[in-house]
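Notes to accompany the following structure.
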Amino acid sequence: MNKFATVIVAAAAAMLLVTGCSKSDSDKIKVGFSQVGAESDWRKASTESIKGEAAKRNIDLTFSDAQQKQENQIKAIRNFISKGVDVISFSPVVATGFEDVLKEAKEAEIPVVLFDRAVDVSEDGLYVSFIGSDFVEEGRRAGRWVVKTVGENANVAELVGTVGSAPAIDRKKGFEEIISNYPGIKIIKSQSGDFTRAKGKEVMESFLKSPEADQIQVLFAHNDDMALGAIQAIEEAGKKPGKDIIIISIDGVKTMFEAILAGKANCTVECNPLIGAQLFDVVEQIHEGKSVPSRIPSVEGVYDADGNVNVGTDREPVVTKKITQEIVDSRKY
Ligand code: AHR
């Protein structure tokens with residue numbers, strides 16, 4: 001082959017490659033996703049679930065980490081709108097303040113799917129679906145577990161999640177709804193640990209240095225990471241977590257299961273982060289022009305050291321599962 005022919009063949013091959021690439025790219029569904037951050041093991045599992053599921057399917061995913069800042073999230077959503085993605089999804093850092101950007105997405109005719117956390121908006125139709133847990137019910141389950149295992153008298157310290165976030169607002173609401181029926185159960189300390197292990201430890205240290213320290217009988221943490229930080233603080237203060245202070249939290253991460261098995265914590269209410277598949281099922285349905293349910297709840301359990309405590313209602317029982325080594329080993333997050 002002469003030099004000229006080689007150039008022609010190479011150019012044709014390159015064109016084929018380019019055309020081939022752009023064709024398969026344009027076939028893909030473009031999704032912009034804005035994640036809260038990487039504040040907890042739960043969140044890391046959620047991110048893996050989203051990225052892993054997108055990679056398995058025909059999805060061109062633009063993933064953005066908001067580093068727990070709402071302003072980053074709003075910027076990311078505006079960027080998705082200007083890129084003209086097919087679907088926008090996000091897990092809102094806080095519940096309020098998204099109305100304007102959601103209206104912009106609506107004007108651009110880009111459907112929005114809320115993932116994991118809901119938003120507080122006054123107008124209908126700003127998102128097409130919300131996939132995630134019932135955080136109020138998680139708080140209720142935690143409250144019922146305290147009533148049934150600790151009893152009707154207990155002084156509770158509460159580690160609250162990120163201020164203004166849906167899980168922090170709702171878990172507190174659900175827990176308080178249950179304990180309001182038992183005047184002997186009181187929240188004597190309550191502060192945000194921002195859903196992180198480091199902050200959970202720091203706030204628990206301050207609880208344990210406060211005048212009420214010796215009255216604390218139960219710790220209710222809005223997530224496992226804060227509870228795990230608090231366990232360290234309790235041990236460093238010379239107390240036995242899980243015994244001197246009963247610990248219940250929410251998420252069901254593997255490290256918390258291990259802590260319960262080791263007797264250092266007592267119960268975790270599951271909040272499932274592995275909902276990437278549900279998200280992209282909905283994205284595909286939207287892309288095919290099908291209608292989607294406006295609310296898609298996650299299916300979740302509750303785990304403790306002994307099992308058999310009904311933390312649901314009489315009409316809808318949810319019985320705790322006993323944590324075993326086998327369950328810990330099979331835990332995916
Ligand atoms: O929105 C879900 C909550 O966010 C999880 O409980 C917590 O671990 C995460 O940071």
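The values are calculated or read from the model by the stated rules, or taken from the named source; none is laboratory data. In this text, all values refer to a predicted model and were calculated from it rather than measured experimentally. Cβ atoms come from the backbone with ideal geometry, glycine included; neighbour counts cover every protein chain shown.
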May I ask you to verify whether ALA198 is assigned by TED's automatic domain parsing to the domain that holds TRP145, part of a helix (DSSP H, G or I) and touching a strand residue (DSSP E or B) at 6+ places or on another chain (Cβ under 7 Å)?
no
Residue hits (segment 26-41; surrounded by fewer than 22 Cβ atoms within 10 Å (Cβ to Cβ), within 13 Å of the ligand (Cβ to nearest atom) and not in a loop (DSSP other than H, G, I, E, B)) are ASP41
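Looking at segment 256-266, which of the residues that are surrounded by fewer than 20 Cβ atoms within 10 Å (Cβ to Cβ) and not charged (D, E, K, R) is farthest from the ligand (Cβ to nearest atom)? It would help to see each step written out before you state the result.
Residues of segment 256-266 surrounded by fewer than 20 Cβ atoms within 10 Å (Cβ to Cβ): 258, 261-263.
Cutting the leftovers down to not charged (D, E, K, R) gives us 261-263.
Values: LEU261: 20, ALA262: 21, GLY263: 23 Å.
Checked segment 256-266; the qualifying residue farthest from the ligand (Cβ to nearest atom) is GLY263.
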Checked ALA198, ALA213 against criteria (within 14 Å of the ligand (Cβ to nearest atom) and of a type in the set (Gly, Ala, Ser)); the one match is ALA198
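How about segment 52-74: which of its residues are surrounded by 15 or more Cβ atoms within 10 Å (Cβ to Cβ) and in a helix (DSSP H, G or I)? Before you say what the answer is, go through the steps one by one.
First pass over segment 52-74, keeping only residues surrounded by 15 or more Cβ atoms within 10 Å (Cβ to Cβ): 53-54, 57, 59-62, 64-66, 68, 70, 72-74.
GLU53, ALA54, GLN70, ASN72, GLN73, ILE74, listed by residue number.
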Across (1) without any contact (Cβ under 8 Å) to a residue 40 or more places away in the chain; (2) closer than 18 Å to ILE187 by Cα, LYS264 clears everything bar (2)
Here the residues within segment 105-127 that are more than 16 Å from the ligand (Cβ to nearest atom) and among the small types (Gly, Ala, Ser) are ALA105, ALA108, SER122, GLY125
Of the residues in segment 119-141, those that are surrounded by fewer than 21 Cβ atoms within 10 Å (Cβ to Cβ) and either under 18 Å from THR62 (Cα atoms) or of a type outside the set (D, E, K, R) (or both) come to VAL119, VAL121, SER122, GLY125, LEU126, VAL128, PHE130, VAL136
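Checking the conditions here, which among VAL269, VAL292, VAL282 is assigned to a strand (DSSP E or B), at negative phi, surrounded by 14 or more Cβ atoms within 10 Å (Cβ to Cβ) and touching a strand residue (DSSP E or B) at 6+ places or on another chain (Cβ under 7 Å)? Outline the logic, then answer.
On the way: VAL292 fails: assigned to a strand (DSSP E or B); VAL282 fails: assigned to a strand (DSSP E or B).
The unique qualifying residue is VAL269.
What tally of residues in segment 166-185 results from selecting those that are of a type in the set (Phe, Trp, Tyr) and either in contact (Cβ under 8 Å) with a residue 40 or more places away in the chain or in contact with a Cys (Cβ under 9 Å, 6 or more places away or on another chain) (or both)? Walk me through how you get there before you give the answer.
So in segment 166-185, the residues of a type in the set (Phe, Trp, Tyr) come out as 175, 182.
Then keep just the ones that are either in contact (Cβ under 8 Å) with a residue 40 or more places away in the chain or in contact with a Cys (Cβ under 9 Å, 6 or more places away or on another chain) (or both); that gives 175.
Adding up the residues that qualify gives 1.
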Per the list (1) buried (at least 18 other Cβ atoms within 10 Å of the Cβ); (2) in contact (Cβ under 8 Å) with a residue 40 or more places away in the chain; (3) over 19 Å from ILE286 (Cα atoms), residue check on SER91 breaks on (3)
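Sort through VAL302, VAL319 and tell me the only one that's modelled with pLDDT of 95 or more and under 19 Å from the mean Cα position of the chain (by Cα). Step through it out loud before you land on a result.
Working: VAL319 fails: under 19 Å from the mean Cα position of the chain (by Cα).
None of the other options fit; the residue is VAL302.
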Only one of (1) surrounded by fewer than 24 Cβ atoms within 10 Å (Cβ to Cβ); (2) β-branched (Val, Ile, Thr); (3) in a strand (DSSP E or B); (4) within 16 Å of the ligand (Cβ to nearest atom) does not apply to ILE246, and that is (4)
Check on VAL101, within 26 Å of MET256 (Cα to Cα) and outside any strand (DSSP E or B): no
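So that you can scan it fast, the table gives a plain yes or no per residue for (1) touching a Lys or Arg at 6+ places or on another chain (Cβ under 7 Å); (2) under 20 Å from ASP134 (Cα atoms); (3) hydrophobic (A, V, I, L, M, F, W, C); (4) at pLDDT 95 or above:
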residue: GLY174; (1), (2), (3), (4): yes, yes, no, yes
residue: SER192; (1), (2), (3), (4): no, no, no, yes
residue: ALA198; (1), (2), (3), (4): no, no, yes, yes
residue: MET204; (1), (2), (3), (4): no, no, yes, yes
residue: PRO211; (1), (2), (3), (4): no, no, no, yes
residue: ASP214; (1), (2), (3), (4): no, no, no, yes
residue: VAL218; (1), (2), (3), (4): no, no, yes, yes
